[in-house]
Amino acid sequence: MTLSRLQRTTTIGILAACSIILYYFKFPVPFFPPFLTMDISDIPALIGAITLGPVAGVAIQFLKNIIDYITHGSYAGLPVGQMANFCSGALIVGLIGMFYHYQKKLNLWIFAITILVFLSTMYLLNYYFILPAIMELIGVTKEQYVGQFTSFNPLATDFRTAVLYVIVPFNMLKIGMIYGIGLPFSFRLDRILNSKRK
């Protein structure tokens, strides 16, 4: 038995609501600047990507960030933070969901490819678009912005190294935490749902 369109839409809505709630429980990470906070709001979207397919996971990320911007706005004015969160979350859940949906199994090569694509894409997005847009909107120079990174990591001596030695490790921790917590639960839930559909 497959889920009807109404059931899928309802499930996506419920998971998006869970994601929004979890998004409010952000916590700082030791050895990183305080404005880089971690949360587990990507886990409901990961569940959606594994059980319903990658499009569902990306839709949950989209709804979470749209609703967050509508209800809380953005410290930078334009929704740059929400766009960054959506890109990050969509890559985290969409890639692994795509592999799992079409192969129904994951191996170390798939994890390695997924993590490498995620880190590479987010590096480029942060370097060329996201961080420059934030700096422009809040009115700080690259030197001022990099200074906040250097105080936590002496290797961050310029903008490129700030992204490479602070943002990339942060994203590694993020995807590791989301996969480590969310995937075992998602796989178990998917097996349960598959057994009930037969």
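The values are calculated or read from the model by the stated rules, or taken from the named source; none is laboratory data. Every value quoted in this text rests on a predicted model; they were computed, and no experiment measured them. Reconstructed Cβ throughout: ideal geometry from the backbone, glycine too, with neighbour counts over all protein chains shown. Only protein heavy atoms, including side chains, enter the accessible area calculation; ligands, DNA and RNA are left aside. Shrake-Rupley method; radii C 1.70, N 1.55, O 1.52, S 1.80 Å.
Which one of these is out of contact with any Gly (no Cβ under 7 Å at 6 or more places or on another chain) and within 29 Å of Phe149 (Cα to Cα): Val29, Val55? Write out each step before concluding.
Values: Val55 fails: within 29 Å of Phe149 (Cα to Cα).
Testing whether each residue is out of contact with any Gly (no Cβ under 7 Å at 6 or more places or on another chain) and within 29 Å of Phe149 (Cα to Cα) leaves just Val29.
Is it the case that Leu22 is out of contact with any Pro (no Cβ under 6 Å at 6 or more places or on another chain) and open to solvent by 20 Å² or more (accessible area, probe 1.4 Å)?
yes
Mind counting the residues in the range 134-156 that are of a type in the set (Ser, Thr, Tyr) and over 21 Å from Met122 (Cβ atoms)? Show your work before the answer.
Taking the range 134-156 and keeping what is of a type in the set (Ser, Thr, Tyr), we get 141, 145, 150-151.
Then keep just the ones that are over 21 Å from Met122 (Cβ atoms); that gives 141, 151.
Residues that pass the stated criteria total 2.
With a cut-off of at least 1 residues that are open to solvent by 50 Å² or more (accessible area, probe 1.4 Å) and either touching a Lys or Arg at 6+ places or on another chain (Cβ under 9 Å) or free of Cβ contacts under 8 Å to residues at least 12 places away in the same chain (or both), name the helices (runs of 4 or more DSSP H) lying wholly within the range 122-198.
Values: elements: 131-138, 142-150, 159-162, 168-197.
It comes to 131-138, 142-150, 168-197.
Whether any residue in the range 65-75 is over 27 Å from Ala162 (Cβ atoms), within 15 Å of the chain's Cα centre (by Cα) and not hydroxyl-bearing (Ser, Thr, Tyr) is what I want to check. Show your work before the answer.
Just the residues of the range 65-75 that are over 27 Å from Ala162 (Cβ atoms), to begin with: 66-67, 70-71.
Checking the rest, the ones that are also within 15 Å of the chain's Cα centre (by Cα) come to 66.
If we keep only those that are not hydroxyl-bearing (Ser, Thr, Tyr) as well, we get 66.
Checked against the condition, which is being over 27 Å from Ala162 (Cβ atoms), within 15 Å of the chain's Cα centre (by Cα) and not hydroxyl-bearing (Ser, Thr, Tyr), the range 65-75 yields at least one hit.
From the set of residues in the range 25-60 that are within 17 Å of Ile175 (Cα to Cα) and hydroxyl-bearing (Ser, Thr, Tyr), which is surrounded by the fewest Cβ atoms within 10 Å (Cβ to Cβ)?
Thr37
Which numbered condition in (1) under 12 Å from the mean Cα position of the chain (by Cα); (2) in contact (Cβ under 8 Å) with a residue 24 or more places away in the chain; (3) surrounded by fewer than 21 Cβ atoms within 10 Å (Cβ to Cβ) is the only one that Val93 fails?
With (1) under 12 Å from the mean Cα position of the chain (by Cα); (2) in contact (Cβ under 8 Å) with a residue 24 or more places away in the chain; (3) surrounded by fewer than 21 Cβ atoms within 10 Å (Cβ to Cβ) applied to Val93, the lone miss is (3).
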